[in-house]
1. When you look at residue 20, is it crowded, with 16+ Cβ neighbours inside 10 Å, aromatic (Phe, Trp, Tyr) and at pLDDT below 80, yes or no?
2. Got a number for residues in region 82-125 being out of contact with any Asp or Glu (no Cβ under 9 Å at 6 or more places or on another chain) and of a type in the set (Asp, Glu)?
3. Looking only at region 74-111, count how many residues are of a type outside the set (D, E, K, R), open to solvent by 50 Å² or more (accessible area, probe 1.4 Å) and modelled with pLDDT of 90 or more.
4. Spot the failing condition for residue 114; the list is (1) open to solvent by less than 50 Å² (accessible area, probe 1.4 Å); (2) within 15 Å of the chain's Cα centre (by Cα), and only one is missed.
5. Going through region 24-42 one residue at a time, which ones are open to solvent by less than 40 Å² (accessible area, probe 1.4 Å) and outside any loop (DSSP other than H, G, I, E, B)?
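The values are calculated or read from the model by the stated rules, or taken from the named source; none is laboratory data. Since the model is a prediction, treat every value here as computed from it, not as a measurement. Please note: Cβ atoms are built from the backbone with ideal geometry, for glycine as well, and neighbour counts cover all protein chains shown. Accessible surface is based on the protein model in full, side chains and every heavy atom, while ligands, DNA and RNA are left aside. Shrake-Rupley method; radii C 1.70, N 1.55, O 1.52, S 1.80 Å.
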Amino acid sequence: MKKQLLMMVILLGFLISTGFAQKNDYSSYKGYIDFGNLEEFETGEEVTEVLIEEHLIKMVAKLATKEEPELSSVLDGIKLIKVHTFEVSQNNASELSNRISEIDKALMNKGWDRIVRTKSKEEVTNVYILTNSEEKVEGLVVAGFEKDGDATFVNIVGDINLETIGELSNKFDIPSISDIHEKKESKESEKSSD
């Protein structure tokens, strides 16, 4: 517990010292997605924005090598972790639904695989991965909201190991991605049975 707390304090210190502004241009990476201006939806009191760039990820991976080698392995090859979470209100729910639909169309047109889709009157959540010709995952996107709850937009860029993505979700408290590997296997088995 003390080790995890120390890691989080160190990470927080790096984040504060470097600021939350994205310094590098990650748009050239295939796995990068621009969600557009999400600040217009941030009307509630609770807003969380996490932006961990490659240099910080490398520092955390290096610090974790001895104490938590699994975490270091998970972080190897990741270039960017971007998370936006904010409250959904009656004022922005319809617009958020439209934004998620726009993101869905854009990602599907760019060759991303939607591996999870949940839709009801109260909730919409989509999870996407982008694979290259070698079947390596280069990008992961989660876009979702729950009426009278939170909206979450996540983009992880780089070489992503689906075998260990749940570990990344647990360490950085990233919602909605812990079941990705199971969903991907389920989708692949459905394709092979057709």
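1. On the way: crowded, with 16+ Cβ neighbours inside 10 Å: no; aromatic (Phe, Trp, Tyr): yes; at pLDDT below 80: yes.
Spelling it out, it is not the case that residue 20 is crowded, with 16+ Cβ neighbours inside 10 Å, aromatic (Phe, Trp, Tyr) and at pLDDT below 80.
2. Selection size over region 82-125: 3.
3. 3
4. For residue 114, the failing item is (1).
5. 41
Residues are listed down the side, and each one gets a yes or a no for (1) open to solvent by 10 Å² or more (accessible area, probe 1.4 Å); (2) under 19 Å from residue 99 (Cβ atoms); (3) touching a strand residue (DSSP E or B) at 6+ places or on another chain (Cβ under 8 Å); (4) modelled with pLDDT of 65 or more:
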| position | (1), (2), (3), (4) |
| --- | --- |
| 130 | yes, no, yes, yes |
| 135 | yes, no, no, yes |
| 146 | yes, yes, yes, yes |
| 159 | yes, no, yes, yes |
| 163 | yes, no, no, yes |
| 168 | no, no, yes, no |
| 175 | yes, yes, yes, no |
| 178 | yes, no, no, no |
| 182 | yes, no, no, no |
